[in-house]
1. In degrees between 0 and 90, to the nearest 10, how far off the longest principal axis of the chain does helix 56-65 point, with axes built from Cα atoms?
2. What percent do you get for the relative contact order of the chain when only Cα pairs under 8 Å and 6+ apart count?
3. Net charge within 9 Å of ARG14 by Cβ-Cβ distance, Lys/Arg positive one each and Asp/Glu negative one each, not counting ARG14 itself?
4. Which order do HIS50, HIS42 fall in if you start with the one that has the fewest other Cβ atoms within 10 Å?
5. Please compute the net charge surrounding THR55, taking Lys and Arg as +1 and Asp and Glu as -1 over other residues with Cβ under 15 Å from its Cβ.
6. Give, in nm to one decimal, the length gained when the segment between TYR59 and ARG7 is fully stretched (0.36 nm per residue of separation minus the Cα-Cα distance).
7. Can you give the local net charge around LYS32? Use residues other than it whose beta-carbon is closer than 11 angstrom to its beta-carbon, Lys and Arg +1, Asp and Glu -1.
8. I'd like the per residue volume of the convex hull spanned by the Cα atoms of the chain, given in cubic angstrom.
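Read the figures in this text as sums done on the coordinates, not as results from a lab. Bear in mind that the values here come from a model prediction, so they are computed numbers and not experimental data. Positions of Cβ are generated from backbone atoms using ideal geometry, with glycine treated the same way; all protein chains shown enter the neighbour counts.
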Amino acid sequence: MADVAYRSKVRIERVKGPLRRAYLPAEEGPTKFGVQSEVAEHYGVDTAVHEPHATTLDYVTAATGG
């Protein structure tokens, strides 16, 4: 088996409700994850109480397309 070429060092921090901060390599500040639109509706999250942010699914989809 080949040696590991890269291991991502990511830290996730839960802030409140659906809001998370992800600390990613090569980024100066945290990336916010949360819920919005149909995802917020599905989970019963009031976007008037919790500011909408892109979901982890949005980021995975973008990365797949990249």
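1. Taking the Cα atoms of the chain, the angle to 56-65 is about 50 degrees.
2. The normalised contact order for the chain reaches 22 percent.
3. With Lys, Arg at +1 and Asp, Glu at -1, the neighbours total +2.
4. Details: HIS50 17, HIS42 9.
The fewest-first ordering by Cβ neighbours comes to HIS42, HIS50.
5. Within the 15 Å Cβ shell, the charges total 0.
6. Result: 16.8 nm gained on full extension.
7. Numbers: positive: ARG20, ARG21; negative: GLU13, GLU51.
That works out to 0.
8. On the way: hull volume 8.8 nm³, N = 66.
That works out to 133 Å³ per residue.
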